[in-house]
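Structure first, commentary second.
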Amino acid sequence: MAQHQSAKKRIRQTKTRTAVNRTRRSQLRTYVRVVEEAIESGDKTAATTAMGQAMPALHNSTRKGLLHRNTAARKISQLAKRINAL
């Protein structure tokens, strides 16, 4: 168990940050899942609309440190490629 005041503070900060990151990650996965479901159904307009919501969320997640920027770029590229193939 932490003894120093600074170590106790770091524990509190970590718990808060973990909760926030968990929420953001869950929301991000939901956006990507909606795009993938639209692609699976073959509805290009729905997929494009969902992609319009997922793309800013992916970019925002890189800014917040949730994803590496190359990971977000790869996900966006792969989804866009699948949408264009419809």
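Bear in mind these aren't lab numbers, they're just calculated from the coordinates by the rules spelled out. All figures in this text were calculated on a predicted structure; none of them were measured in a lab. A quick note on method: Cβ atoms are made from the backbone with ideal geometry, for glycine too, and the neighbour counts reach across all protein chains shown.
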**Asked** Roughly how compact is the chain, stated as its Cα Rg over 2.2 N^0.38 Å to two decimals?
**Response** 1.44
**Message:** How charged is the neighbourhood of R82? Take every other residue with its Cβ under 15 Å from the Cβ of R82, and add Lys/Arg as +1 and Asp/Glu as -1.
**Reply:** +1
**Asked** At a Förster distance of 41 Å, what's the computed FRET efficiency of E37 paired with R12, Cβ-Cβ distance as r, to 0.05?
**Response** 0.60
